[in-house]
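Presented below is the structure to which this report refers.
The values are calculated or read from the model by the stated rules, or taken from the named source; none is laboratory data. Only a predicted model underlies this, so the values are computations on that prediction, with no experimental measurement involved. Because the Cβ atoms are built from the backbone with ideal geometry, glycine has one as well, and the counts that use them run over all protein chains shown. Keep in mind that these areas ignore ligands, DNA and RNA; they rest on the heavy atoms of the full protein, side chains included. Shrake-Rupley method; radii C 1.70, N 1.55, O 1.52, S 1.80 Å.
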There are 4 protein chains.
Amino acid sequence: MDIQIGRGKPARRAYGIDEIALVPGRGTVDPAIVDTQWHIGSITRDVPIIASAMDSVVDVPMAAALCQLGALGVLNLDGIQTRYANPIPILERITSVGNHEFVPLMQELYAEPIKPELIEQRIAEMKSHGAIACVSATPATAIKFGHLTHACDLFFLQSTVVSTNHLPAPGVPPLDLQQFCQSMPVPVIMGNCVTYEVCLELMHAGAAAVLVGIGPGAACTSRGVLGIGIPQATAIADCAAARETFQAETGRYVPIIADGGLVTGGDICKSLACGADSVMIGSPLARAQEAPGRGYHWGMATPSAVLPRGTRIKVGTTGSIYQILRGPAALDDGTHNLLGAIKTSMGTLGAKNLREMQQVEIVIAPSLLTEGKVYQKAQQLGMGK
Amino acid sequence: MDIQIGRGKPARRAYGIDEIALVPGRGTVDPAIVDTQWHIGSITRDVPIIASAMDSVVDVPMAAALCQLGALGVLNLDGIQTRYANPIPILERITSVGNHEFVPLMQELYAEPIKPELIEQRIAEMKSHGAIACVSATPATAIKFGHLTHACDLFFLQSTVVSTNHLPAPGVPPLDLQQFCQSMPVPVIMGNCVTYEVCLELMHAGAAAVLVGIGPGAACTSRGVLGIGIPQATAIADCAAARETFQAETGRYVPIIADGGLVTGGDICKSLACGADSVMIGSPLARAQEAPGRGYHWGMATPSAVLPRGTRIKVGTTGSIYQILRGPAALDDGTHNLLGAIKTSMGTLGAKNLREMQQVEIVIAPSLLTEGKVYQKAQQLGMGK
Amino acid sequence: MDIQIGRGKPARRAYGIDEIALVPGRGTVDPAIVDTQWHIGSITRDVPIIASAMDSVVDVPMAAALCQLGALGVLNLDGIQTRYANPIPILERITSVGNHEFVPLMQELYAEPIKPELIEQRIAEMKSHGAIACVSATPATAIKFGHLTHACDLFFLQSTVVSTNHLPAPGVPPLDLQQFCQSMPVPVIMGNCVTYEVCLELMHAGAAAVLVGIGPGAACTSRGVLGIGIPQATAIADCAAARETFQAETGRYVPIIADGGLVTGGDICKSLACGADSVMIGSPLARAQEAPGRGYHWGMATPSAVLPRGTRIKVGTTGSIYQILRGPAALDDGTHNLLGAIKTSMGTLGAKNLREMQQVEIVIAPSLLTEGKVYQKAQQLGMGK
Amino acid sequence: MDIQIGRGKPARRAYGIDEIALVPGRGTVDPAIVDTQWHIGSITRDVPIIASAMDSVVDVPMAAALCQLGALGVLNLDGIQTRYANPIPILERITSVGNHEFVPLMQELYAEPIKPELIEQRIAEMKSHGAIACVSATPATAIKFGHLTHACDLFFLQSTVVSTNHLPAPGVPPLDLQQFCQSMPVPVIMGNCVTYEVCLELMHAGAAAVLVGIGPGAACTSRGVLGIGIPQATAIADCAAARETFQAETGRYVPIIADGGLVTGGDICKSLACGADSVMIGSPLARAQEAPGRGYHWGMATPSAVLPRGTRIKVGTTGSIYQILRGPAALDDGTHNLLGAIKTSMGTLGAKNLREMQQVEIVIAPSLLTEGKVYQKAQQLGMGK
């Protein structure tokens, strides 16, 4: 807090993932013996990657494929999967309209209400496909339909910004997060947040894990629309500090999931080094053949009837979800074989497990515009090849 | 002042709106109960947005439409509205010439003198349309025609840089700001300024509000032509500090209006968080169907006979002024539903009113090229779609 | 010197002209009464602008035109004007070859030796045209032909980097700067340098003015080729400090001329604010109808037989030298009416004369890519329109 | 370590070559008498430049040509030269496939095993061509085939990151670097590393020179794929400090070779100023007519079967290796006559030899997009002319 942007207006410099780089230490480890296991609730996973709860990323078959590969996928209960019994033609429409028709179409499609029976059906489908059934809902949906989700394995209570101290409009019942956690028979993951204080409060309210990240995502325009957006390296480090405080106070270790703005294996590695236990990613997985988005990716704030945010990006289809998560890579830009990238990075940095990876040395380095990011920005703008 | 750019040459680091971001605190508020009211003179408005006194943004019908929506629009008494009884064909010419003919045409059109009778006529028209009659004039015009404007509601005395200590050329009568304020039967808003000292002096001279911002605007090239231009986050914060000092000294609260360089809802939210009470914007409103600029926007220093500044930008027409101010948004880039963006941002940040919004936490964040700004830059360069 | 780029490797942060902006103070001055006079040797000029000693910028008629307008132009004695009796067809060849043939052609053209009689002839021509006869030569040329230049008014001894402590190759006579100054019957301006120490030494050696700037110029690629290049705001401020020290020690005021990288009126204003008494500019003047470069501009290190530096840029022809220096401007990008820009900037900043302009407040501001600079870079790369 | 990117997460600011510039001191030296000699093992070279051990840069004739010009070239024993008796048709395939087929082709070509007899044959060929026989191998290859390389002159043990403390997979024999150095009858150069500690350990393990640089290279995407990459100015300065410490402790001077990301003569000069004794460069030499890459350049991590990194860049062919190293330059962008650039830079900076060049003043300067780097980036993106 030692910078003054003006008289009496202190501000802290926050750092983004693009502004940091990792420094090899004195030892190296063979990637073959690096351990990438992590735990969430009573579940153990080998791949510290969760697919975002987005229409374009996760449907039932994708969730099953991700679980088989050691990762997780979260189905969004506020999305088209619970509004339409058959989402296939809906996805076809979303991915075939022009850029100018996209926002109005999304607003129209989301005018269709959520069907309670589809919530239960999707969870049952995930279980029958052998998936760990992860679902997400906004606080409003959680109040209305939370009781229909008790068959799931992990419940993600997720909104742009979550707080334990919400002032509702008159007549609108607020969601008491602590009470909600206690009422749910399954672990509740909560977010998103970006500060030490809120992260600690969410853990005290009973969060089984905390999602970290506001505004840094590729398909998110919160910073442009609302002025809100915290550079992700700082957000992760602050919330990781809250995790350590919480463990020191309670003996419980609540994992931190970095969510938003992560595009390459390098971004994931840097998030882990900042202190994350796992990452939630969308656009890199939307490029899988199996992704419901068919080569497109869009944000979940887009369908807002009054203030749509987020854009539809043509991300293309570059390989199978197997290739993207476990390789071998056919691309050299850091978007294939993400687990291999994590293991190679950890080995190169001398980190035997994720706990050691959270302690590797970081430098602040001049921002590097990677090819992938320039392409992505150009595609957002409808320019380029 | 702790940086030395060279021996004995101290300089302060100033921050732009693009370099900051807002951080959610421990609480959130339902946007439906957020209060965005602000006061200027004895007038109260629900929307803290004023349309710039520019040919391309405000004419009489636009001023009326803005007032109906809870905002304000200022008619420029130095522009074409007071030089031409019928500005329609003039606007047609301005928006149909090529880029190379633009500056000479503007210089030609402004060679036509200001007509005193048109000043009185435009004010009367605004009143008869039900608008709060806001007009602006440069100091030179204010000296000559100020007495004709007494029927207006708010008078904006505005030049690139205003000071209480102006050294005139011999034989040119200077404008005594304090005396002018006292002579006017209506509140006088003064600017622009960027420093604590000048802002405080303008308040002591009787300003009913102070316009803050020199050089950061989209259609302004002051920094390129004159080397002058203060990053807006710092300018707002410094002038907001002057407002607090003035209130402590006199008990009077004089609002600060951030003027220049604000393009998206996020920019407006960040200006409020830096300490502004309201913003004055041009290019976002020039994109309204109702705007006189017909999809173009240009600066008011452009017609200068000797040193034109500012460029004409094709901003396009993207919706009605209703949509731009109050939504629903059909675009997801932060340029529609600006009031909705302010309320959502305030709610997300836990600010119940503008006074609390002025206190939210700010971080310095790596500059983010938003889609809108890339487009704008590309359009300035004649590139893009 | 408080930054360490590595262990035991201190480095100072230096600032470029693009990184600063000027801040209006508490007063303003009518531009009509602003005084822009400066002195060099016994000569007084109203316009603090000198045209660079470059083939593409100054020939005899251009030097005369510049002097009539209150400025100065320097004829390069190492360029084509003294190698060819009739430079017209030579300039035609230089400006008509393709980009790939440019460097070899320049190397071929400069293989032609300098003709002693042309040195005397050009100086006489300048005088007969009514110009103040300013000529420049490298140290090597000064040794050989300095005695032929005694009829000139100002002699510019100029190389990329000049020092009072040069270690020559065996058998090569070094130039003793102090002795050279004493041997010349006219004032000798020396440069370029960038540091306080060297600037002070040049003044003690007898410099009538010092040129400041290494590596920042548009047509210069010293930083890319040699790694050498000092951001100009810092270089000017440091050398201005040397000027003050020298005046305190000797009572003599030796002006500082900022040379290199200045493109717009804003750049010139910022150089003056950093402490310069005057600027030397090339590319902005190469755009004059009268310029010998016919819409092209190129560096004087380009013809080097072994290590050519600098590129040929198509700058275009945008108006007369009168318009460029004294307006009225037909362009709004800061490249027309440079004197008007200086006066308006000074008035806006409250500086009544150049001495006060050297003291105005400076802020460090996020770099602004002006339209002109993007175009220029694109043109250098052969891209763009 | 005084920056906190988040609570309890310190990070150091590291600097890249593009962020610094060199400052002329009080003296200058005629480039003709500047001494650029350096020593590696018992070998003395006039040109402090080593060609990278890459398929696209060094084959036997190229190594011989480089040695004749006073430089060195390293043949990669893990590349196509030791997998294929006749590499000509292989290079033809690599340089003729499309961008999408490139990575799979490289993976296919590298499935062919290394042939022990080709290792001995290539070393013999280098000797018979009159070259100083420099070869490189990864640790794994060194273990298997190190004993076949005893006829070479310099052995480069090189991997992305080398450490003296490697934790191998069970059953995989680790390479003891100290033991390996002692077992080799020729000097062993080791790398790459980026920190003071590891550099010092490599010297104590017996390194005859240390390669410095991880992640900054043009054909390297380590930072994107793995998050690893240290800005080169800081890495060189830190490792140069280790060299000084080692010399103070042992009396032995072990040179530092800056490897990666250096494109122009200016980059090389800046590396030397940061403390390097020599540089290893790839892409600038891949542009030679004699280069095996035929106008293309690609990284050695590309053929990885599981995690390919690095891209193939079309660098073009711009002249002979003689022109690139010793001029005369036909290009003015800093990529021709690299030795001339070093000598001119040293002379301009007043450095009589490399030891003095390591001490010249450095400033941190705003990053400058040089023409070469813009081209390179544009080419990577498939844009440009």
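Within the stretch B:324-338, track down each residue that is among the aliphatic types (A, V, I, L, M), open to solvent by 10 Å² or more (accessible area, probe 1.4 Å) and either on the phi > 0 side of the Ramachandran plot or out of contact with any His (no Cβ under 8 Å at 6 or more places or on another chain) (or both). The one that is among the aliphatic types (A, V, I, L, M), open to solvent by 10 Å² or more (accessible area, probe 1.4 Å) and either on the phi > 0 side of the Ramachandran plot or out of contact with any His (no Cβ under 8 Å at 6 or more places or on another chain) (or both): B:LEU331. Could you give every pair whose Cβ atoms fall below 6 Å, whose first residue belongs to the stretch B:113-141 and is under 12 Å from B:CYS152 (Cα atoms), and whose second residue is open to solvent by 60 Å² or more (accessible area, probe 1.4 Å), counting only separations of at least 6 or pairs across chains? As it stands, the answer is B:ILE123/B:ALA151; B:ALA133/B:LYS127, since those pairs meet every condition given. Picking from residues in the stretch A:308-319 that are in a loop (DSSP other than H, G, I, E, B) and in contact with a Lys or Arg (Cβ under 9 Å, 6 or more places away or on another chain), the one that is nearest to the other protein chains (Cβ to nearest Cβ) is A:THR318.
If I go through the stretch D:101-143 residue by residue, how many of them are modelled with pLDDT under 95 and charged (D, E, K, R)? Matching residues across the stretch D:101-143 total 2. So how many residues does the stretch C:123-138 have that are crowded, with 20+ Cβ neighbours inside 10 Å and farther than 14 Å from C:PRO185 by Cβ? Qualifying residue count, the stretch C:123-138: 6. The single residue among C:PHE145, C:PHE180 that is of a type in the set (Phe, Trp, Tyr), more than 14 Å from chain D (Cβ to nearest Cβ) and under 17 Å from C:GLY79 (Cα atoms) turns out to be C:PHE145. Restricting the stretch C:296-306 to residues that are facing another protein chain (nearest Cβ under 9 Å) and open to solvent by 10 Å² or more (accessible area, probe 1.4 Å) leaves a set whose member that is nearest to B:GLY224 (Cα to Cα) is C:ALA301.
Contact annotation: residue pairs with Cβ atoms under 9 Å, 6 or more positions apart or on different chains, pairing a residue in the stretch D:264-280 that is more than 11 Å from chain C (Cβ to nearest Cβ) with a partner that is among the basic types (Lys, Arg) and crowded, with 24+ Cβ neighbours inside 10 Å, are D:ASP277/D:ARG243. What about D:THR160, is it under 21 Å from D:PRO292 (Cβ atoms), surrounded by 15 or more Cβ atoms within 10 Å (Cβ to Cβ) and polar (S, T, N, Q)? Considered against the rule, which asks whether it is under 21 Å from D:PRO292 (Cβ atoms), surrounded by 15 or more Cβ atoms within 10 Å (Cβ to Cβ) and polar (S, T, N, Q), D:THR160 comes out as no.
Close Cβ contacts (under 6 Å, 6 or more residues apart or on different chains) running from residues in the stretch B:222-235 that are in contact (Cβ under 8 Å) with a residue 60 or more places away in the chain and more than 7 Å from every other protein chain (Cβ to nearest Cβ) to residues that are among the hydrophobic types (A, V, I, L, M, F, W, C) and crowded, with 24+ Cβ neighbours inside 10 Å comprise B:SER222/B:ILE228; B:GLN232/B:ILE17; B:ALA235/B:VAL194; B:ALA235/B:VAL212.
Filtering the stretch C:320-337 to residues that are in contact (Cβ under 8 Å) with a residue 40 or more places away in the chain, out of contact with any strand residue (DSSP E or B) (no Cβ under 6 Å at 6 or more places or on another chain) and in a helix (DSSP H, G or I) leaves C:TYR322, C:LEU325, C:ARG326. Scan the stretch A:206-235 for residues that are under 20 Å from A:SER42 (Cβ atoms) and either out of contact with any Leu (no Cβ under 8 Å at 6 or more places or on another chain) or open to solvent by less than 10 Å² (accessible area, probe 1.4 Å) (or both) and the total you get is 4. Would the stretch B:187-205 turn up any residue that is within 14 Å of chain A (Cβ to nearest Cβ), open to solvent by less than 20 Å² (accessible area, probe 1.4 Å) and among the aliphatic types (A, V, I, L, M)? Looking through the stretch B:187-205, at least one residue is within 14 Å of chain A (Cβ to nearest Cβ), open to solvent by less than 20 Å² (accessible area, probe 1.4 Å) and among the aliphatic types (A, V, I, L, M).
Taken over the stretch B:68-77, the residue count meeting the criterion of being hydrophobic (A, V, I, L, M, F, W, C) and open to solvent by 10 Å² or more (accessible area, probe 1.4 Å) is 1. Of all the residues in the stretch D:224-237, those that are within 15 Å of D:ALA11 (Cβ to Cβ) and either of a type outside the set (Ser, Thr, Tyr) or outside any helix (DSSP H, G or I) (or both) number 5. What about B:ALA151, is it more than 14 Å from chain C (Cβ to nearest Cβ) and open to solvent by less than 10 Å² (accessible area, probe 1.4 Å)? No; evaluated as a whole, the condition is false for this residue. The set of residues in the stretch C:345-364 that are in a helix (DSSP H, G or I) and open to solvent by 30 Å² or more (accessible area, probe 1.4 Å) comprises C:ARG355, C:GLU356. If you check D:VAL47, D:VAL58 for being within 25 Å of D:ILE362 (Cβ to Cβ), modelled with pLDDT of 95 or more and open to solvent by less than 10 Å² (accessible area, probe 1.4 Å), only one passes: D:VAL47.
Across the stretch C:328-385, the number of residues qualifying as of a type in the set (D, E, K, R) and modelled with pLDDT of 95 or more comes to 5. Exactly one condition in (1) open to solvent by 50 Å² or more (accessible area, probe 1.4 Å); (2) part of a loop (DSSP other than H, G, I, E, B); (3) among the hydrophobic types (A, V, I, L, M, F, W, C) is not met by D:ILE114; state its number. Unmet condition: (1). Among the conditions (1) more than 14 Å from the chain's Cα centre (by Cα); (2) within 21 Å of D:SER345 (Cα to Cα), the only one that D:ILE50 does not satisfy is (1). The residue that is surrounded by the most Cβ atoms within 10 Å (Cβ to Cβ), among those in the stretch C:241-280 that are assigned to a loop (DSSP other than H, G, I, E, B) and charged (D, E, K, R), is C:ASP277.
Restricting the search to strands (runs of 3 or more DSSP E) fully inside the stretch A:5-110 and requiring at least 3 residues that are within 14 Å of chain B (Cβ to nearest Cβ) and in contact with a helix residue (DSSP H, G or I) (Cβ under 9 Å, 6 or more places away or on another chain) gives A:9-13. When we screen D:LEU272, D:LEU285 for residues that are under 19 Å from D:VAL135 (Cα atoms) and at pLDDT 95 or above, the only hit is D:LEU285. Across the stretch D:163-177, which residue is most open to solvent (accessible area, probe 1.4 Å) among those that are facing chain A (nearest Cβ under 8 Å) and over 13 Å from A:PRO24 (Cα atoms)? Result: D:PRO170.
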